[in-house]
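Structure, as structure tokens:
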Amino acid sequence: MLDRRTLLRASGVSLALPLLESMTTSSALATTPAPMPSDANAQTPPRRGVFMCTTLGLHPPNLFPDAPVKDYKSTKYLELLQEHRDNFTLFSGLQHEDQTGRQPHDSEMTWLTAARKPGMGGFRNTISVDQLAAKHIGDATRLRSLSLGTIKAQSQSYTDGGVMIPAHTSPAKMFAQLFLDGKPHEIKAQKQKLDDGKSILDELRSQTKALQRKASTSDNHLLDDYFESLRVAESNIASAQLWMEKPKPKVESEPPKDIFDSADIIGRAQLLIDLVPLILQTDSTRVVSIMVQDHFSVPKVEGVTGNHHNLSHHGQDPTKIKQLEKIETAIIECFSSLLGQLKSKQEAGQTLLDNTSVLFGSNLGNANAHHAKNLPIMLAGGGYEHAGYVAKQEGTPLCNLFVTLLQGLSVEVDTFGQSNGTLSW
Amino acid sequence: MLRPLAPTLCFIAFGFPTTAWTTPAIAQKPAELDQLINQHCIGCHDADTETDVDLSKLHYGAASGGQGDWKKWEKVFDRVTQGEMPPPSEDRPDAKLLETVLNELKQTLHQRSLERQKESGRVRIRRLTKLELGYTLQDLLKIQGEVTRSVPDEPESGSFDTIGANQRISAVHLESYLQAADEALALAIRLGRNPKKSIKNDFAFLKDWHENPLNLGGSITRELDPGPGVALFRDVDYLTQFTYDISAPGIYQLKTELSALQSKTPVTAKFIVKDQSGGATLVHSVDLLPDEDKRVIEVESFLRPGEVPYLTFDSEGNEPFVAIMASGGSKNYQGRGLAIHSQEIIGPITATWPPPSTETVFTGIKLQKTLFGGYKLNLASDKKQQLRSLVLEIAPRVFRREVELAEIEPFVNLADSAIEEGRPFDQLVRVPLRSMLSSPQFLFFDGQPGRLNDYQLANRLSYFLWKSLPDAELMMLAESQELSKSSVLTAQVERMLEDPKSERFVRDFLGQWLRLYEVNATSPDEKLYPEFDELLANAIPKEPQYFFSELIRENLSIANLVDSDFTFVNRRLAKHYKIPEIKGQNFQRVALDESSIRGGLLTQAAILKTTANGTTTSPVMRGNFVLTNLLGTPPSPPPPGIGSIEPDTRGKTTIRKILAAHREDESCNQCHKEIDPPGFALESFDPIGGFRQRYRSSGQANFLANMFAPAVDASGVTSGGQKFSGIEEFKAILLQDKKQIAKNFVQQLVAYSTGAEVQFADREVIQEILDVSREDGYPIRDLIHSVVQSRIFREQ
């Protein structure tokens, strides 16, 4: 197997590897031995990945500069990210193939998976890049991964079997789950569920033993499988129980209050985003996906009267574009605030952003045409050497960037989805 | 329709006295076998062989318990019996020697296979498949809806998923079984108020758009005049949903009044359900005739929270967006559309409330209505005793056999702490049930070597034809030990085949045997095959199901699999096949006249599409399908390191020219002379099963380019030297050997129904089944009966 350094070199990206220093954050695991495989590099801050999507595109003329250079001349949208100029790279030319689904928005499902023909009869999604990362780096944390959504349980995180992982939409609940000690009855219910599971598995184990003794001699492979599965499932429960026993990390922030007005999509997105640095710094999870969307509401943004979806079909109508711009500006400001917060947190002499790769973009390239080509994609932080604006050849697999990103997270893969290599810049 | 004659079948006890085979044979390799090998085989099959058979090392006798080299000896026996070995280029062995050796080998292989079956059972162990688990939970608890979505799909094993030897279980499975049980119990236990409600779509939210003709809604819909209702002009999924608010899972009725609008041809209304993970399922389609008044259409569908049912129509490939814009919006649009006079959703619909599923779980407990419209259980004071009697009631159905009190006690005891904590009864009842529904007793088919007892027989039969647990009648017959009587078994098979649950068998058996589960695994190239639309994609997989069901219902000859004078189509599929005058989207039996190129399985679009890749057809893929799936004589896999054939659709060359070059190589030709001809015969059919005389070419998919595209040549010569000009003549050649097709069919049934591949000792039984039905032309229903009556079906 290749080590991470080799992989990163091979991908043509130079990466500042974290210094060997003990973590400054107090890990929940610090006092007792980890029930899960401990991180080989426990000394260094862990690497994290955040995947954030706004599902109705970003008006391209406002986004892409004229020339693909490091010192690009700022555009309307990039101007909003001026203070983070050195912390991210904007790409053009990236896309997944075969995204013409039943309707254009079906590419929401495949932004992180690259499965083909979303929504068409017989379509079955595949594992998303964040979940693949979680499979490799999720064991050491309380949550293997976290999926957040602004309005509904829709997320862009999909399991191996192509099953969507429901998104959390309530920052208050999320905060409580991770940082607050539950009310006694809640803890009781949770414990009860785990205990029930444990005693069921226990009972099944003794029944299976009896069956194994009784069963015909030569071929018991299914019973043996079953017996082994009981063991693994029991250990999963045990680790959940262990985490229950561990004190949750104490944070100073006030618990957020949920916004119930679904039209305040920006406020809701901002609340979710404000949680992310806290979650990462306490090592509660290392993989987060955030989906910012609401097609049918009129976002509570000064000067906006149309619903987001209709505005995105602007038909070059300048008044509509102006309104669309306002919504998109607000969303980019959310992203900017995420970068700002990640930069302001220090760990082991670095910023949290240095150890966090943030992917931001959309599943639609040109929302007016509603096509899923030439997607707006930014990669921020993660210790990568950022290069301003990089124009890749139109049609370059977005999955190549995913592979590079995965390798940066120490996930030893060399392919993902439609990739045909890594992405270098 | 004709009713099938009561099968005048074979109540013959297949097989033979087992005592004849009790002496464990320490096999002695016969001298004649050595002689044959030394004279005719060892030249190639020695230690230096390039083949995978080294006869100098092949053990004649098995290592203890294992298969040893017997599988390889079976292969030797088969290849030599079929005359494939020694190869035609070599000297023929002495006929007498050959006969002696083959007889000897056959005896030995049969005997040792039978011994192995006696010793450890023909079928080792097998578990419920994902499909069987789902149906079992549904039928057991009287619920609808899929509760096994978290259960991993059965992996592709190259054979049936029922085959125990290929099955595995992982912790992911186990956790998913617990979850499936949870979901099933949550669906079953419903003590709240009846959530049934009705939501009417008044289309109010479209009003604004109707005023702005070029805006979103105004370019898609308009108000009906006379109203109420809307006219829909484009096939979209976001304006005419029944509701976004499904709050309780269950069966819902989608009720609409529809008519065709401004159309001279039928307008096909489509009822589609979008699920949360983004998939969309066409649940119903119906043709509305141009001169017809508005019609009430009611469709029932299982819906769960988050799913969105909506109504649209088939635009037949014409996207009218530009035309609508040109006419200044849908207000003035004169093109065809769907008139929606009313749209309503009602549900969930249950026979009673609380639903039958709740009564099933709480058998014997009175349900009392509360002040708030919910229900509470009228419980005895001894909760544990109450729980025990519930579990005792349901356990024989869960484990599908007689159950002793002692057996269930540990499950009941699991609820001890819950009882102590005072958890509500409808919660604590889930503890034992959940564990029983994840237990090996539930998931596995038990059995010791030897004859199945009546319960085991009921299980095997029920999972064969219904993919689910035995019903009350089967259980009763098992209890009274009547089921194993031949006449009773026959009557039960008759009853079960009449039951709609047997459609599950048809779907699953064809889905796996003919790989029809993969029929929509590829999407045809949209530029090359623009006619492939949602209605066609939905119709294609249904034809073989209706067709095969008919063969069973009418007890028709196996020959129909190769050629038939009828098939099943709806209007959309009929259009695809150019069969005129078929009305409606429901499937109907149609007679095929002499000149029709259709008939039998091979000319059905489902098979033709499954065996193509969406863009091109390959005679190799299709030939392989005919040999493997229809005839049961799979070709050897290609030697390692051989590249695949690269299709070329630019219109310069044809697949035949590419293959011809391939076949000039003798080592390729060895197998390809068998594989290619059936595939050539099917070249008259494109990747979506349409008939073609010329290939469509990519790049310039226009009329002229296609006129000069290369012509299809569907002629060929079989490896036996028989010439055919196309599929019709090729079918005639196939029909010369009906027995081979029947034999493969019976083998498939045996493997699928018992959960173990066909073994050497089974051959004799299969031969007998074929002998009995030969004169009648191997009727399908008879073959099913014979398999069920056979020794292999009735032994472990």
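At a glance:
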quantity: Segment B:116-137, subset assigned to a helix (DSSP H, G or I) and within 12 Å of chain A (Cβ to nearest Cβ), residue modelled with the highest pLDDT; calculated: B:130
quantity: From the options A:134, A:140, residue that is among the small types (Gly, Ala, Ser), more than 13 Å from chain B (Cβ to nearest Cβ) and buried (at least 24 other Cβ atoms within 10 Å of the Cβ); calculated: A:134
quantity: Single residue of B:550, B:543 found to be acidic (Asp, Glu) and buried (at least 22 other Cβ atoms within 10 Å of the Cβ); calculated: B:543
quantity: Test for residue B:101: is it touching a residue at least 40 places away in the same chain (Cβ under 8 Å), hydrophobic (A, V, I, L, M, F, W, C), in a loop (DSSP other than H, G, I, E, B) and surrounded by 13 or more Cβ atoms within 10 Å (Cβ to Cβ); calculated: no
quantity: Residue that is nearest to the chain's Cα centre (by Cα), among those in segment B:363-396 that are assigned to a loop (DSSP other than H, G, I, E, B) and under 30 Å from residue B:474 (Cα atoms); calculated: B:363
quantity: Some residue of segment B:452-469 being more than 14 Å from chain A (Cβ to nearest Cβ), out of contact with any strand residue (DSSP E or B) (no Cβ under 9 Å at 6 or more places or on another chain) and closer than 30 Å to residue B:377 by Cα; calculated: yes
quantity: Selection status of residue A:118, in a loop (DSSP other than H, G, I, E, B), surrounded by fewer than 21 Cβ atoms within 10 Å (Cβ to Cβ) and either in contact with a Gly (Cβ under 7 Å, 6 or more places away or on another chain) or at the interface with chain B (Cβ under 9 Å from one of its Cβ atoms) (or both); calculated: no
quantity: Some residue of segment A:288-299 being modelled with pLDDT of 85 or more, surrounded by 20 or more Cβ atoms within 10 Å (Cβ to Cβ) and within 14 Å of chain B (Cβ to nearest Cβ); calculated: yes
quantity: Every pair of residues 6+ apart whose Cβ atoms lie under 6 Å, when the first sits in segment B:251-274 and is among the basic types (Lys, Arg) while the second is surrounded by fewer than 20 Cβ atoms within 10 Å (Cβ to Cβ) and assigned to a strand (DSSP E or B); calculated: B:255/B:298; B:255/B:344; B:270/B:282; B:274/B:308
quantity: Residue match in segment B:342-356 (condition: aliphatic (A, V, I, L, M), under 34 Å from the mean Cα position of the chain (by Cα), farther than 21 Å from residue B:267 by Cα and part of a helix (DSSP H, G or I)); calculated: no
quantity: Matching entry among B:531, B:494 (being in contact (Cβ under 8 Å) with a residue 12 or more places away in the chain, away from chain A (no Cβ under 14 Å), surrounded by fewer than 17 Cβ atoms within 10 Å (Cβ to Cβ) and not in a helix (DSSP H, G or I)); calculated: B:531
quantity: Neighbours by Cβ (under 8 Å, 6+ apart or cross-chain): first from segment A:70-96, more than 21 Å from residue A:396 (Cβ to Cβ); second basic (Lys, Arg); calculated: A:84/A:343; A:87/A:343
quantity: Residues being in a helix (DSSP H, G or I) and farther than 30 Å from residue A:279 by Cβ - total across segment A:168-217; calculated: 16
quantity: Meets criteria (over 23 Å from residue B:747 (Cβ atoms) and more than 14 Å from every other protein chain (Cβ to nearest Cβ)) for residue B:560; calculated: no
quantity: Any hit, segment A:260-272, residues being within 14 Å of chain B (Cβ to nearest Cβ), outside any helix (DSSP H, G or I), in contact with a Cys (Cβ under 9 Å, 6 or more places away or on another chain) and not charged (D, E, K, R); calculated: no
quantity: Listing of helices (runs of 4 or more DSSP H) fully contained in segment B:729-796 that carry 1 or more residues being more than 26 Å from residue B:485 (Cβ to Cβ) and among the aromatic types (Phe, Trp, Tyr); calculated: B:738-754
quantity: Pick from segment B:165-190, criterion at the interface with chain A (Cβ under 7 Å from one of its Cβ atoms) and closer than 27 Å to residue B:629 by Cβ, ranking: nearest to the chain's Cα centre (by Cα); calculated: B:167
quantity: Some residue of segment B:404-421 being in contact (Cβ under 8 Å) with a residue 40 or more places away in the chain and either closer than 18 Å to residue B:188 by Cβ or within 35 Å of the chain's Cα centre (by Cα) (or both); calculated: no
quantity: Count of segment B:670-691 residues which are touching a Gly at 6+ places or on another chain (Cβ under 6 Å) and among the β-branched types (Val, Ile, Thr); calculated: 1
quantity: Breaking point among (1) in contact with a helix residue (DSSP H, G or I) (Cβ under 8 Å, 6 or more places away or on another chain); (2) at pLDDT 50 or above; (3) more than 30 Å from residue A:244 (Cα to Cα), for residue A:66; calculated: (1)
quantity: Count - residues of segment B:170-189 that are surrounded by 18 or more Cβ atoms within 10 Å (Cβ to Cβ) and either of a type in the set (Asp, Glu) or touching a residue at least 40 places away in the same chain (Cβ under 8 Å) (or both); calculated: 12
quantity: Elements of type strands (runs of 3 or more DSSP E) contained in segment A:329-425, each with 2 or more residues being farther than 19 Å from residue A:288 by Cα; calculated: A:388-397
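Table: residues versus (1) surrounded by 14 or more Cβ atoms within 10 Å (Cβ to Cβ); (2) in contact (Cβ under 8 Å) with a residue 60 or more places away in the chain.
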| residue | (1), (2) |
| --- | --- |
| A:223 | yes, no |
| A:234 | yes, no |
| A:252 | no, no |
| A:259 | yes, no |
| A:262 | yes, yes |
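This table checks each residue for (1) more than 11 Å from chain B (Cβ to nearest Cβ); (2) modelled with pLDDT under 90.
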| site | (1), (2) |
| --- | --- |
| A:145 | yes, no |
| A:163 | no, yes |
| A:176 | yes, no |
| A:183 | yes, yes |
| A:201 | no, no |
| A:204 | no, no |
| A:222 | no, yes |
| A:238 | yes, yes |
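The values are calculated or read from the model by the stated rules, or taken from the named source; none is laboratory data. None of these values were measured; they are calculated from a predicted model. Cβ coordinates were reconstructed from backbone atoms using ideal geometry, including for glycine residues, and neighbour counts include every protein chain displayed.
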